[in-house]
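Colleague: Got a structure for you, written out below as structure tokens; questions coming shortly.
The values are calculated or read from the model by the stated rules, or taken from the named source; none is laboratory data. What you see is a predicted model, and the numbers here were worked out from it, not measured in a lab. Note that we place each Cβ from the backbone using ideal geometry, even for glycine, and neighbour counts take in every protein chain shown. For accessibility, only protein heavy atoms count, side chains too; no ligands or nucleic acids. Shrake-Rupley method; radii C 1.70, N 1.55, O 1.52, S 1.80 Å.
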Amino acid sequence: MTTCTIGHCPRTAVDGSYACPVHADELRAWLAELPGQVRLLADEFLTPAAAAARGRIGGTGRAHSPVPVDLRVLTLIGPGRYDAVGPDDDGTAPIAAVLAAWAGHITYTYPSVTRDRHGTTHIRPCEQAWPAAGRTVTAWCAWLTAYLPYALTLPAADDLHHDIDHLVHRLRGLTHTEPRTHPRAAPCPACDAFALASTDGHWHIRCTACGHALTPQEYDQHLAAVLDTHQSTGHTTAPERTPHMSETVPVPVRVLLLFGDQAEIVADVPAEERAEPARYPAADIAAATGIPVDQLAGARLTADAADDGRLSNWRRA
């Protein structure tokens, strides 16, 4: 087993590969995102304006000058060439050229086995990559996705990750569009921070604080364990209290609003009877109640109030 060679990743790479599952997942997600970003780019910057009205003498000329085109866009979606493992590029290579260059590099290292008429087996590199749906960005992304498990066994896996990462972020900078990130309720099992989040198109759920990653199945098991701990703590038979132990009283409360990672809690009484709101970690409340953090605002709950007024043992009303 080897360490992932992408960036400074400390994770273990898959056997025979130079990339860990998280970075492999990242590449698949980017290759799936690229065709949509290219379509957005073309729709926003290159969609022609409506044709000018026909003139009195039958002309079809414009009544105004055409809208200027961003040359960065023309470069990105136009023709060109690129060396996948060549000298440093100036950052202006077209998208299709970058993808085709990587497909060519992967193809040249992929062994092709043939047998001649004498029965002798010959192993030589493949000559060229041929996407089934033509030489478009969508076709190249589909081709690279299909051969990605093999591509990640090549020493150039780090360069491939870097180039696709660079393409995706250049496009996002132009289209101002990127996949949404959704916070998760359970704390990170590695650092205990409430920073786990899933991103559209990505398989793993990652901690934005320490980088720890979980598969959806691992997260579901972790969340179930967290909820079980909270529920067990709230429903076990309490020991006999002594005069020095504080009493708790169940009270109805309401989440007034979310303020960053904190939830503002008020008593569930008419507004004129409420005291000042108190703040509690929203992720703690979400983990105890099973309500996603982004749906907590306005939720009616029951909590146990201690003698000092602090609330605990959150549950749905």
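Colleague: Take the residues in the stretch 258-274 that are at pLDDT below 75 and of a type in the set (A, V, I, L, M); name whichever of them is most open to solvent (accessible area, probe 1.4 Å).
Modeller: Quick first cut of the stretch 258-274, residues at pLDDT below 75 only: 269-274.
If we keep only those that are of a type in the set (A, V, I, L, M) too, we end up with 269, 271.
Details: 269: 49, 271: 70 Å².
Step by step, filter the stretch 258-274, then rank; the result is 271.
Colleague: With modelled with pLDDT of 75 or more, more than 28 Å from residue 14 (Cα to Cα), open to solvent by 20 Å² or more (accessible area, probe 1.4 Å) and among the hydrophobic types (A, V, I, L, M, F, W, C) as the only criterion, which of 77, 95 stands out?
Modeller: Values: 95 fails: open to solvent by 20 Å² or more (accessible area, probe 1.4 Å).
Unique residue meeting the criteria: 77.
Colleague: Next question. If the requirement is being more than 16 Å from the chain's Cα centre (by Cα), in contact (Cβ under 8 Å) with a residue 40 or more places away in the chain, surrounded by 19 or more Cβ atoms within 10 Å (Cβ to Cβ) and outside any loop (DSSP other than H, G, I, E, B), which of these qualifies: 171, 227, 160?
Modeller: On the way: 171 fails: more than 16 Å from the chain's Cα centre (by Cα); 227 fails: surrounded by 19 or more Cβ atoms within 10 Å (Cβ to Cβ).
Testing whether each residue is more than 16 Å from the chain's Cα centre (by Cα), in contact (Cβ under 8 Å) with a residue 40 or more places away in the chain, surrounded by 19 or more Cβ atoms within 10 Å (Cβ to Cβ) and outside any loop (DSSP other than H, G, I, E, B) leaves just 160.
Colleague: Any chance you could count how many residues in the stretch 275-297 are assigned to a loop (DSSP other than H, G, I, E, B) and either more than 15 Å from residue 257 (Cβ to Cβ) or at pLDDT below 85 (or both)? Outline the logic, then answer.
Modeller: Step one: filter the stretch 275-297 for residues assigned to a loop (DSSP other than H, G, I, E, B), giving 275-277, 290-292, 296-297.
Adding the requirement that they be either more than 15 Å from residue 257 (Cβ to Cβ) or at pLDDT below 85 (or both) leaves 275-277, 290, 292, 297.
Residues meeting the conditions: 6.
Colleague: So which residues in the stretch 126-152 are open to solvent by less than 50 Å² (accessible area, probe 1.4 Å) and over 18 Å from residue 37 (Cβ atoms), if there are any at all?
Modeller: Initial filter on the stretch 126-152 (open to solvent by less than 50 Å² (accessible area, probe 1.4 Å)): 126, 129, 131, 134, 137, 139-141, 143-144, 148, 151-152.
Passing the criteria: 126, 129, 131, 134, 148, 151, 152.
Colleague: Can you spot a residue in the stretch 248-257 that is at pLDDT below 85 and either touching a helix residue (DSSP H, G or I) at 6+ places or on another chain (Cβ under 8 Å) or closer than 20 Å to residue 183 by Cα (or both)?
Modeller: Scanning the stretch 248-257, I find at least one residue that is at pLDDT below 85 and either touching a helix residue (DSSP H, G or I) at 6+ places or on another chain (Cβ under 8 Å) or closer than 20 Å to residue 183 by Cα (or both), so the answer is yes.
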